[in-house]
Amino acid sequence: MAKQTQTKAPTHEIFHVVGDDDKARWTKIGVGWQHQDKDGLNLAINYTPLVEGRTVVRKIKPKQEAAK
C-alpha cells in the first residue's frame, strides 16, 4: 500500500445535519484530510451523534471564496 501523508491543515469538515432546507441544523463534528492520491480521506470525528440525522463531509473552501 502506498504511504499516505497528511497536510497540516484539514481539507474537509464533517457535520451532523438534522432537518432539511432552511430548517436544517448543522453541527461540526470533525475534520478530514484528503489522501495524496485523492482516492480517500482520513477522518478525525470528535463526536458521534445518537439522534436521527445524516453525516455530511464538505470540502473546506478558502476564506475569500466562503465569504461570497
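Structure notes:
- Counting only lysines at least 8 places from Lys8 when in the same chain, those with an alpha carbon closer than 22 Å to its own are Lys28, Lys38, Lys59, Lys61, Lys63.
- Taking 4 °C and 1.567 mPa s as conditions, the stretch 12-66 diffuses translationally at an estimated 105 µm²/s according to Stokes-Einstein applied to its Kirkwood radius (Cα pairs).
Values quoted throughout were computed directly from the atomic coordinates according to the rules given, and no laboratory measurement underlies them. These numbers were taken from a predicted model, which means no experiment stands behind them.
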